[in-house]
Amino acid sequence: MDSSQIITTYETILAITGQMLEAARNDDWDRLVALEQDCKKLVERLIADNTGQPLSSQFQERKAEIIRKVLADDAEIRNITQPWMAQLQNILGSAGRERKLSQAYVSGSSG
């Protein structure tokens with residue numbers, strides 16, 4: 001990948017993280033997961049195609065700017081999803097405790 005392609009890929013990642021943020025704000029979890037997979041593929045492509053050649057200072061600055069924005073979007077996505085994930089963990093934990101209690105009751109009453 002040349003410098004221009006690298007920056008274009010970073011810009012695409014930024015666009016996808018913006019869409020991910022929008023999906024998180026709208027509680028569109030399926031879309032969020034799909035977009036996250038798209039983003040992951042692009043990041044893997046950047047890693048695989050890394051030639052190790054340094055970017056010009058102009059491209060370095062643009063890359064840093066994009067990364068800051070991606071990280072800001074990621075932080076906001078986490079702020080939105082963490083309470084939902086905690087709630088989901090509580091629900092799953094409750095269901096697991098109920099299942100264990102039920103199994104203990106069934107095995108205890110069959111004896």
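The values are calculated or read from the model by the stated rules, or taken from the named source; none is laboratory data. This is a predicted model, so every value here is computed, not measured. Virtual Cβ from ideal backbone geometry, glycine too; neighbours counted across all protein chains shown.
Considering R78, R45, the condition of being more than 13 Å from the chain's Cα centre (by Cα) and not aromatic (F, W, Y) is satisfied by R45 alone.
Condition check ((1) among the charged types (D, E, K, R); (2) in contact with a Phe, Trp or Tyr (Cβ under 8 Å, 6 or more places away or on another chain); (3) free of Cβ contacts under 8 Å to residues at least 24 places away in the same chain) across all residues:
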| residue | (1), (2), (3) |
| --- | --- |
| S3 | no, yes, no |
| Y10 | no, no, no |
| L21 | no, no, no |
| D28 | yes, no, yes |
| R31 | yes, no, yes |
| E36 | yes, no, yes |
| C39 | no, no, no |
| L42 | no, no, no |
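Selection of region 52-93 for residues being touching a residue at least 12 places away in the same chain (Cβ under 8 Å), under 15 Å from S3 (Cβ atoms), of a type outside the set (D, E, K, R) and in a helix (DSSP H, G or I) yields F59, I66. Yes or no: R31 assigned to a helix (DSSP H, G or I), among the basic types (K, R) and modelled with pLDDT of 85 or more? The answer is yes for R31.
Is it the case that some residue within region 14-21 is among the small types (G, A, S) and under 30 Å from S3 (Cα atoms)?
The answer is yes; a qualifying residue exists.
Of all residues in region 1-33, count the ones that are loosely packed, with under 14 Cβ neighbours inside 10 Å, under 12 Å from the mean Cα position of the chain (by Cα) and within 21 Å of L71 (Cβ to Cβ). Counting residues in region 1-33 that are loosely packed, with under 14 Cβ neighbours inside 10 Å, under 12 Å from the mean Cα position of the chain (by Cα) and within 21 Å of L71 (Cβ to Cβ) gives 1.
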